[in-house]
Amino acid sequence: MTGSKASDPDIVRLTARVTGMVQGVGFRYWTARKADELGLTGAVRNDNDGSVSLVVEGPQPVIIEFRRWLSSPQAPGRVAHVDEKMSPAEGGFRSFDVVG
């Protein structure tokens with residue numbers, strides 16, 4: 001996503017912390033696969049407390065679809081809660097990566 005797209009009000013950033021049984025079940029890789037399928041950019045990582053954190057950017061309707069998927073039975077493991085925040089996109093990602 002280029003800097004010009006970051007200023008587009010229809011392009012948003014979702015920052016989320018996912019809790020539940022989300023480590024050791026392929027959650028990060030399935031999340032990256034879903035983001036790639038939807039054409040989104042960002043990153044996902046495991047946190048030391050057993051949660052998973054992610055940042056994802058893209059068109060707001062697509063981000064909403066991705067958000068629904070995070071809490072759905074299609075997401076791997078068992079998601080107990082998604083703490084999330086939407087904000088304007090910053091445009092710092094070129095792909096969706098699994099980190100840490």
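None of the figures in this text is laboratory data; all of them are computed from the coordinates on show. Predicted model only: the values in this text are computed from it and were never measured. Here Cβ is always computed from backbone atoms with ideal geometry, including for glycine, and neighbour counts include all displayed protein chains.
Things to note:
- 3J(HN,Hα) from dihedral phi, segment 51-60, Karplus parametrisation 6.51/-1.76/1.60, rounded to Hz, x for glycine, proline: 8, 10, 10, 8, 10, 9, 10, x, x, 3
- Remark: segment 81-94, residue by residue, has Karplus-estimated 3J(HN,Hα) of 7, 10, 8, 9, 9, 9, 8, x, 5, 9, x, x, 10, 10 Hz, where x stands for each Gly or Pro and the curve is 6.51 cos²θ - 1.76 cosθ + 1.60 at θ = phi - 60°.
- Distance between the modelled labels on ARG78 and GLU65, one decimal in nanometres: 3.0 nm (7 Å Cα→Cβ projection).
- Computed on the chain, with alpha-carbon pairs under 8 angstrom and 6+ residues apart, the relative contact order is 47 percent.
- Long-range amide H partners of ARG13 with built H, under 5 Å: SER87, ALA89
- 3J(HN,Hα) from dihedral phi, segment 10-20, Karplus parametrisation 6.51/-1.76/1.60, rounded to Hz, x for glycine, proline: 7, 9, 10, 10, 10, 10, 9, 10, 10, 10, x
- Nonlocal amide H pairs with ASP97, under 5 Å, H built at 1.01 Å: GLY42, ALA43, VAL44
- Across the chain, counting alpha-carbon atoms alone, Rg and Dmax equal 12.6, 38 Å.
- Gained length - VAL98 relative to ASP10, 0.36 nm times residue gap less alpha-carbon distance: 29.2 nm
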